[in-house]
Each structure stands twice: as structure tokens, then as C-alpha cells.
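Just so you know, all these numbers are worked out from the coordinates, no wet-lab data involved. Owing to the predicted nature of the structure, the values given are computational and were not obtained by experimental measurement. All Cβ positions, even for glycine, are placed from backbone atoms using ideal geometry, and neighbour counts span all protein chains on display.
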Amino acid sequence: MPAPRLKICGLRQPAQAAAVAALGVDAIGVIAVPASPRFLVSGAREQLFAAMRQANPHCQGVLVVADPEDGQLAELDPSQGHDVVQLHGQESPERCRDLRSRLGCRLWKAVRVRQPSDLATLEAYSAVVDALLLDAWVPDQLGGTGHRIPLEWLADWSPPGSWWLAGGISAGRVAAVLAQVEPTGLDASSGVERAPGDKDLARVKELVEAVEGRSRRQD
């Protein structure tokens, strides 16, 4: 199996986004949810994505939102610098279909998994989003918590398409995770931070090397 893709989420500083992108990650996420400690205001996002793209033209910009209203669609337009909109709220499959059509960009749907039976609901999204992102359910928090989905819950799950795994992703955990599941990508945030929104470049580098190293060992 090829190495999973790697996304670093929750960046707030253009210079740091450029440094992370230069390490070879596949995607960088920016949080557009005001309640998040990693929130970045609309006017600053385009500059961050531009810095990311200059450092690594192949790195995708991901804008993370939750239950966007129609009045917010202008700031979700890909002309603002991102390539992907990641929905992290209670968006239904019908709402995802509508947003995908109206925005004209790639759409990912994050799902907070509270119990194994939640996985059975994901098939409904397969035709209306480009990828799923699985994260652990934590009361009143949409993501970036570091909490982990028990990997045994995923043992018999048949993904309906591309999917990313979030929750406590760090260099020291990569081997154990990839020994049990085969996600399309890994999504890291708190596991590579000094503080919310402030990434530790040494930890990011270790994570990149851990993912690449496991791929080489498989070869």
C-alpha cells in the first residue's frame, strides 16, 4: 500500500504554513469556525494559502467550516485560496450535495464517531462528497481534541471511498495506526502543536518522516 497522505490542520500563521508545506505534507487546514481556538478570520486565510502554495505548489488548502449558512458561501468560494471545503458540522447528505454543486470545489465531510454503529451512516455521503474524515466524538467540541477512535471499531468497516483518520495522530503512533487500518490520509493537529494554532515544526517533520519511513519499510 502507498503511504497515506498527510494533512496538518489548524494553522494560523502564513510563515508557519509555508514551513509546514515545505516539509512535504499533502494538505494544510485552516479553521473557519469562530468557536475554535484555532480560528482564522476570513481576511487572513488567502494570505496563508498563498504562502503555503508558494512553498509547495502540490499542497492542498483545506477550509474547515461547520454548518455554513447560505450567507457565508462567498467566503467558502475557492477564489479565496483553498482547494477543499471540509464540513465539520451536522450537514446532511442533501446539504452536502447542495454545497458541492454551488461551491464547485472538492468537498470533504468530517464525522465524529461516537459508537461503532455510526459507521453504518457514512454510505449515504459516498455520492455527495469527495472524501470522509473520521474523528472521535467529544461533547461540545468539533475537532482538534486529540481524542482517538478505537481502531478496533474500524476493523470490519468497508469505507465507501477515500477517507482520512484524525485524532491523536503523531509520529510515535503512526506505526500502530497503520498496522490496523489503511486510511487514504492522516490528519494531525494537536499532536504536532506547542499551543492551539502554533505548530511545532520538529514534530511535523518527525510525523512526515514516520509516514514516509513506514512506506519504505513496506516496499
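Could you order the peptides 9-21, 148-160 from most to least packed, using the average number of other C-beta atoms within 10 Å per residue? Don't skip to the end; give the middle numbers.
Numbers: 9-21: 21.6, 148-160: 13.8.
With the highest mean Cβ count within 10 Å placed first, the list reads 9-21, 148-160.
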Practice task
Among DSSP beta bridges lying fully in the chain, give the percent that are antiparallel, nearest 5.
Solution key: 10 percent
Fill in the blank from the handout: the stretch 5-218: relative contact order from alpha carbon pairs under 8 Å, six or more residues apart, as a whole percent, is 19 percent
Practice task
For the stretch 154-166, take each phi angle, set θ = phi - 60°, evaluate the Karplus expression 6.51 cos²θ - 1.76 cosθ + 1.60, and give the result in whole Hz per residue in order, putting x for glycine and proline.
Solution key: 8, 4, 10, 7, 9, x, x, x, 5, 8, 10, 10, 10
Handout entry: Those GluC sites (Glu not before Pro) in the stretch 1-98 that DSSP places in a loop and that have at most 10 other beta carbons within 10 Å
Key = 69
Exercise for the section: Show the residues, 5+ positions off or on another chain, whose built amide H is closer than 5 Å to the amide H of residue 66. Expected result: 88
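Ranking 25, 84 by Cβ neighbours within 10 Å, fewest first, what do you get? Can you show the working numbers first?
Working: 25 23, 84 19.
Listing 25, 84 from fewest to most nearby Cβ atoms yields 84, 25.
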Handout entry: For the chain, calculated [θ]222 nm from helices alone, where every DSSP H run of n ≥ 4 adds -39500 (n - 2.57)
Key = -8000 deg cm²/dmol
Completion exercise
Under 5 Å from the placed amide H of residue 133, counting only residues 5+ away or on other chains, we find 109, 110, 111, 164
Completion exercise
Here the FRET efficiency for residue 195 versus residue 44, based on Cβ atoms and R0 = 22 Å and rounded to 0.05, is 0.80
Problem - Partners for residue 109 among lysines (Cα-Cα distance below 25 Å; same-chain residues under 8 apart left out) - result: 7, 199
Fill in the blank from the handout: Residues whose modelled amide H sits under 5 Å from the amide H of residue 200, counting only those 5 or more places away in sequence or on another chain, are 193, 194
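Grab the Cα-Cα distance for residue 94 and residue 74, subtract it from 0.36 nm times how many residues apart they are, and report the gain in nm with one decimal.
Details: separation 20, 0.36 × 20 = 7.20 nm, distance 2.00 nm.
So the chain would gain 5.2 nm between residue 94 and residue 74.
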